[in-house]
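Report on the following structure.
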Amino acid sequence: MRSVTVPLVVLTGYAVVACFVFGTAAAETLLLYPNIFRDVPESLALTQQFMSVVSVGDVMRPLGGVLTLCAVLALVAAVRYRVGLRWTGLSLVSLISGQFLLSVLYEWPRATILFDDRDKHTLAEIERAATEFQIGEGFRVLAAALTALFAVAAALVCYRRRVLAAQAR
């Protein structure tokens, strides 16, 4: 039986990053969004002033890239060592569909309306975009939670295999 040290390190690293991304997304949603969407469109203008140095996208996009890289490495380790493959696959499905695609295809166009092209839209369109954005954000946080949960499950499956292998010696 092959050692599971490498996949354990990789899958645990992925689980840690996934949990960090979930915590960051949840904190962003709970702490920033009530202020951002408090009084649309005035609160959006104030938010743009406040986030003129570092915006949410400046942090979340690179963090998403790091998470994606860790997910790919975790998938390679899971396939190569045949451990935690189902949980790693589920975390990737959640990551790709519920975080990446949801953000790119649903959230980003609404963020453009809310922050970049606000003066080109009516108040009703801006309010609708704000409501839709917040709904999408709820799904994104849920997807981040599932990604983290599945990544932790994959790491625990790998750890269980390591413990059982050590007991068999």
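The values are calculated or read from the model by the stated rules, or taken from the named source; none is laboratory data. Only a predicted model underlies this, so the values are computations on that prediction, with no experimental measurement involved. Here Cβ is always computed from backbone atoms with ideal geometry, including for glycine, and neighbour counts include all displayed protein chains. Note: accessible area is taken over every heavy atom of the protein model, side chains too, but ligands, DNA and RNA are not part of it. Shrake-Rupley method; radii C 1.70, N 1.55, O 1.52, S 1.80 Å.
Taking the conditions exactly as written (in contact with a Pro (Cβ under 8 Å, 6 or more places away or on another chain), in a helix (DSSP H, G or I), of a type in the set (A, V, I, L, M, F, W, C) and open to solvent by less than 80 Å² (accessible area, probe 1.4 Å)), does residue 111 satisfy them or not?
Judged against the criteria, residue 111 is not a match.
Just a yes or no: is a residue in the range 150-167 open to solvent by less than 50 Å² (accessible area, probe 1.4 Å) and over 30 Å from residue 75 (Cα atoms)? So far as the range 150-167 goes, no, none of its residues is open to solvent by less than 50 Å² (accessible area, probe 1.4 Å) and over 30 Å from residue 75 (Cα atoms). Report, by residue number, each residue of the range 116-127 that is surrounded by fewer than 17 Cβ atoms within 10 Å (Cβ to Cβ) and either under 17 Å from residue 35 (Cα atoms) or in contact with a helix residue (DSSP H, G or I) (Cβ under 9 Å, 6 or more places away or on another chain) (or both). Within the range 116-127, 120, 121, 125, 127 qualify. Inside the range 36-59, can you point out the residues that are under 16 Å from residue 135 (Cα atoms) and open to solvent by 90 Å² or more (accessible area, probe 1.4 Å)? Answer for the range 36-59, where residues must be under 16 Å from residue 135 (Cα atoms) and open to solvent by 90 Å² or more (accessible area, probe 1.4 Å): just 38.
Taking the range 62-72 as the range and being farther than 16 Å from residue 93 by Cα and either modelled with pLDDT of 95 or more or surrounded by 14 or more Cβ atoms within 10 Å (Cβ to Cβ) (or both) as the test, the residues that pass are 63, 66.
If the condition is being closer than 19 Å to residue 132 by Cα, under 18 Å from the mean Cα position of the chain (by Cα) and in contact (Cβ under 8 Å) with a residue 12 or more places away in the chain, then the range 12-35 contributes 25, 26, 28, 29, 32, 33. For the range 24-95, the helices (runs of 4 or more DSSP H) that sit wholly inside it and include 1 or more residues that are closer than 27 Å to residue 158 by Cα and of a type outside the set (Lys, Arg) are 56-81, 85-93. Taking the conditions (1) over 24 Å from residue 138 (Cβ atoms); (2) in contact (Cβ under 8 Å) with a residue 12 or more places away in the chain; (3) not polar (S, T, N, Q) in turn, residue 9 satisfies each one other than (2). Is it the case that the range 80-93 has a residue that's in contact with a Phe, Trp or Tyr (Cβ under 8 Å, 6 or more places away or on another chain), more than 28 Å from residue 4 (Cβ to Cβ) and of a type in the set (Gly, Ala, Ser)? No, because not a single residue in the range 80-93 is in contact with a Phe, Trp or Tyr (Cβ under 8 Å, 6 or more places away or on another chain), more than 28 Å from residue 4 (Cβ to Cβ) and of a type in the set (Gly, Ala, Ser).
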